[in-house]
Amino acid sequence: MAFSSGSTGGPMANINVTPLVDVMLVLLIIFMMTAPMMSYPIDIDLPQRSLNPPQNLKDPPPPISLRIDASGQVYWNNSPTPISALRNMMETEVQRDVNNQPTLEIDVNEDADYGLLAKVLASAKNAQMQKIGFVKK
């Protein structure tokens, strides 16, 4: 505790914060050093370099436009489609040519239900679709 030499005559009730700041800086350095070790890896399938490129390249098929509006209605190429029929439609598109799949372009209204989007993405994954993109208009 520090003592006052002023006119008040009583002891000063201020705390010495220097040791507290030192401890906080040491903790900050410890957390900065351990934070990168606490991250989790994410598996990503990146394209690999090929020494022998494919000889017979085909034009990609036209993309599939899948739109989900705010009311939860799903549109497959601008035609209303029930959510239960999406997986069969996606599997049909994949089986036409497994190596040259169309791109699934998903346009979701910002007020749409997230659960519906999750079902659409699960259907696409189960149908083995490889080219999925999101469209922002």
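The values are calculated or read from the model by the stated rules, or taken from the named source; none is laboratory data. Note that the coordinates shown come from a computational prediction; the quantities given were computed from them, not determined experimentally. All Cβ positions, glycine included, derive from the backbone under ideal geometry; neighbour counts span all protein chains shown.
Please find, among 117, 28, 46, the residue that is loosely packed, with under 15 Cβ neighbours inside 10 Å and at pLDDT 90 or above.
Numbers: 117 fails: loosely packed, with under 15 Cβ neighbours inside 10 Å; 46 fails: at pLDDT 90 or above.
Going through 117, 28, 46 in turn, just one is loosely packed, with under 15 Cβ neighbours inside 10 Å and at pLDDT 90 or above: 28.
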Can you confirm whether the range 94-107 contains a residue that is among the charged types (D, E, K, R), out of contact with any Gly (no Cβ under 9 Å at 6 or more places or on another chain), part of a loop (DSSP other than H, G, I, E, B) and closer than 21 Å to residue 47 by Cβ?
yes
Can you tell me which residues in the range 108-118 are more than 15 Å from residue 75 (Cβ to Cβ) and part of a helix (DSSP H, G or I)?
114, 115, 118
Got a number for residues in the range 119-137 being under 19 Å from residue 46 (Cβ atoms) and assigned to a loop (DSSP other than H, G, I, E, B)?
4
Specify which of the listed residues (22, 59) is within 20 Å of residue 130 (Cα to Cα) and out of contact with any strand residue (DSSP E or B) (no Cβ under 8 Å at 6 or more places or on another chain).
59
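On the given criteria, is residue 75 out of contact with any Asp or Glu (no Cβ under 7 Å at 6 or more places or on another chain) and surrounded by 14 or more Cβ atoms within 10 Å (Cβ to Cβ)? Can you show your working first?
Values: out of contact with any Asp or Glu (no Cβ under 7 Å at 6 or more places or on another chain): yes; surrounded by 14 or more Cβ atoms within 10 Å (Cβ to Cβ): yes.
Against the criterion (out of contact with any Asp or Glu (no Cβ under 7 Å at 6 or more places or on another chain) and surrounded by 14 or more Cβ atoms within 10 Å (Cβ to Cβ)), residue 75 qualifies.
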